[in-house]
Amino acid sequence: MTRSALWANAASDGFALVEALASLVIVGMIGLLLVSGLTTGRQVWRRVDAREAAGEALDAAQAALRDRLEQAYPMTLLDTNPPDVDFRGSSESLEFLANAPEAARPGPLRRYRLSLDAAGELVLASASDIAPGMPADTQMLVAGVRQLEIGYFGAARPDEQRRWRGAWRFEPALPELVRVRVTFEPDDPRRWPDLIIRPRTTIDTLCRLNQASHRCKARA
């Protein structure tokens, strides 16, 4: 074999090795891109699942609050002068009477308290209204809350104008509407649409009305 033929074979072998290395590099890059794409896809789906789970949790919290507040019971307190409804609301907390949840019926009225605790958890606590010594049940509705703001719509003293108010205390009837606003930290993607609830019962059906003052003078 001539020297030129040997050089030709060596060059051919060299090119084949380079082509094989280049092919391996290309295959490796394609593999890395595929793995990266799969990882990114899994991360995207995890984020989507997390957002959906957070949205479902907020929906469940709003549904629980709506169910309880719609059934708020306007029991008249006769030991006050003048008598007022057993409902005490401020911008940061709310206490009211309502029926027990469906799973706990039949049962007595329960006294509920909606508030934001020191850990940033929106909680709804309740206890039997006829057995105040019994331990309270506490339901954590939402965690990581920055601020709770409760509003009340209706005509109340001293102006007797139908408008939104930051408190509802010592009134003869329940507010027409209750608005619950929840605010999260600025970097928290969760959003809580204003929850506006209309209590179903606004008049104490056992109230004996004073025709002159239009307030309860006693309960039947």
| All positions within segment 76-95 that are among the hydrophobic types (A, V, I, L, M, F, W, C) and more than 14 Å from Phe170 (Cβ to Cβ) | Leu94
| said: If the requirement is being within 16 Å of Arg198 (Cα to Cα), touching a residue at least 40 places away in the same chain (Cβ under 8 Å) and in a helix (DSSP H, G or I), which of these qualifies: Leu65, Leu94? | reply: Leu65
| Of all residues making up segment 129-148, the number that are modelled with pLDDT of 95 or more and not in a loop (DSSP other than H, G, I, E, B) | 7
| request: Out of the residues in segment 193-220 that are crowded, with 18+ Cβ neighbours inside 10 Å and in a loop (DSSP other than H, G, I, E, B), state the one that is modelled with the highest pLDDT. | output: Pro199
| query | Out of the residues in segment 76-114 that are of a type in the set (Asp, Glu), surrounded by fewer than 19 Cβ atoms within 10 Å (Cβ to Cβ) and modelled with pLDDT under 95, which is farthest from the chain's Cα centre (by Cα)? | reply | Asp79
| said: Just the residues that are within 18 Å of Ile197 (Cβ to Cβ) and part of a strand (DSSP E or B), please, taken from segment 156-178. | reply: Ala156, Arg162, Arg163, Trp164, Arg165, Trp168, Leu177, Val178
| request: Give Asp117, Asp159 a once-over and let me know the one that is more than 16 Å from Arg66 (Cα to Cα) and within 15 Å of the chain's Cα centre (by Cα). | output: Asp117
| Just to be sure, is Ser126 surrounded by 15 or more Cβ atoms within 10 Å (Cβ to Cβ), modelled with pLDDT of 95 or more and not in a loop (DSSP other than H, G, I, E, B)? | no
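The values are calculated or read from the model by the stated rules, or taken from the named source; none is laboratory data. These numbers were taken from a predicted model, which means no experiment stands behind them. Here Cβ is always computed from backbone atoms with ideal geometry, including for glycine, and neighbour counts include all displayed protein chains.
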